[in-house]
Amino acid sequence: IPFQHANARVLKRMKRPASGERNIERIRAWRAICPNITLRSTFIVGFPGETEAEFEELLAFLEEAQLDRVGAFAYSPVTGTAANELDGAVPEEVKQERLERFMTAQAAISAKRLQARVGGRETVLIDEVGPSVAIGRSRSDAPEIDGKVYIKLRKTDPRPAPGMFIDALIKKADEHDLHGTLA
């Protein structure tokens, strides 16, 4: 879901609908219907005219939303877009500093959400198999974008092959990845 930002004024300048409050309500409703839903979004920091207070509102939204997968980028002009004509260009160093703060906040959220899956069982689609580790993706992971699930293989374990679905017991997590063993 491309939320893009949380502040109503910034969203209006982006010509995007909705607001952070309405999006939080939507997220709560989706999670009430499907508690295991994986929510992914993208955001822009440093859009022309974005103030520090508006950026802080975005960080507060991120904390409240607790999204599973997030991408962000610093605004950069694109040929032919109306945003190029907006006043209030944010200096490049401020955009980069905000992007770093945003991604640091999201990394902590991601680590916490993945930690909640430790001790559980996950179905994993295997992508690669090495001598002692199989690497795959859970239902929450897009290839080449998201984290991975690393399955430690014991000598006595059956050898999974790429393309197979296997059940894994999750033993630990970090900011982006899960680690486990065959179930």
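Against the conditions (1) acidic (Asp, Glu); (2) without any contact (Cβ under 8 Å) to a residue 12 or more places away in the chain; (3) under 17 Å from Arg113 (Cβ atoms), Glu85 satisfies every one except (3). Against the criterion of being over 30 Å from Arg137 (Cα atoms) and modelled with pLDDT of 95 or more, Glu100 does not qualify.
The conditions of being open to solvent by less than 60 Å² (accessible area, probe 1.4 Å) and either closer than 25 Å to Met164 by Cα or over 22 Å from the mean Cα position of the chain (by Cα) (or both) are met by Leu114.
Does Asp157 count as open to solvent by less than 60 Å² (accessible area, probe 1.4 Å) and under 19 Å from Arg40 (Cα atoms)? Considered against the rule, which asks whether it is open to solvent by less than 60 Å² (accessible area, probe 1.4 Å) and under 19 Å from Arg40 (Cα atoms), Asp157 comes out as no.
For Ala168, indicate whether it is at pLDDT below 95 and either farther than 19 Å from Ile37 by Cα or not charged (D, E, K, R) (or both). Full working, then the answer.
Details: at pLDDT below 95: no; either farther than 19 Å from Ile37 by Cα or not charged (D, E, K, R) (or both): yes.
Spelling it out, it is not the case that Ala168 is at pLDDT below 95 and either farther than 19 Å from Ile37 by Cα or not charged (D, E, K, R) (or both).
Name every residue in region 83-103 that is farther than 30 Å from Ile27 by Cα and of a type in the set (Gly, Ala, Ser), in order of residue number.
To start, the set of residues in region 83-103 that are farther than 30 Å from Ile27 by Cα comprises 84-89, 91-93.
Gly88, Ala89 - these are the residues of region 83-103 that are farther than 30 Å from Ile27 by Cα and of a type in the set (Gly, Ala, Ser).
What are the pairs with Cβ atoms under 6 angstrom where one residue, in region 96-115, is at positive phi and the other, located anywhere, is among the acidic types (Asp, Glu) and open to solvent by less than 70 Å² (accessible area, probe 1.4 Å)? Sequence gap at least six, or different chains. Qualifying pairs under 6 Å: none. Taken over region 135-154, the residue count meeting the criterion of being touching a strand residue (DSSP E or B) at 6+ places or on another chain (Cβ under 9 Å), open to solvent by 20 Å² or more (accessible area, probe 1.4 Å) and not aliphatic (A, V, I, L, M) is 8.
For region 1-30, name all the residues that are part of a helix (DSSP H, G or I) and exposed (fewer than 14 other Cβ atoms within 10 Å of the Cβ).
The initial filter retains those residues of region 1-30 that are part of a helix (DSSP H, G or I), namely 8-13, 20-30.
Lys12, Glu21, Arg22, Glu25, Arg28, Ala29, Trp30 - these are the residues of region 1-30 that are part of a helix (DSSP H, G or I) and exposed (fewer than 14 other Cβ atoms within 10 Å of the Cβ).
Picking from residues in region 64-93 that are among the hydrophobic types (A, V, I, L, M, F, W, C) and under 28 Å from Leu39 (Cα atoms), the one that is most open to solvent (accessible area, probe 1.4 Å) is Phe73.
Counting only residues that are modelled with pLDDT of 95 or more, of a type outside the set (S, T, N, Q) and part of a loop (DSSP other than H, G, I, E, B), region 132-153 holds 2 of them. Is it fair to say Leu58 is closer than 21 Å to Asp174 by Cα, modelled with pLDDT of 95 or more and not acidic (Asp, Glu)? The answer is no for Leu58.
The values are calculated or read from the model by the stated rules, or taken from the named source; none is laboratory data. All figures in this text were calculated on a predicted structure; none of them were measured in a lab. Here the Cβ is made from the backbone with ideal geometry for all residues, glycine too, and neighbour counts use every protein chain on show. Heavy atoms of the whole protein, side chains included, go into the accessibility calculation; ligands, DNA and RNA do not. Shrake-Rupley method; radii C 1.70, N 1.55, O 1.52, S 1.80 Å.
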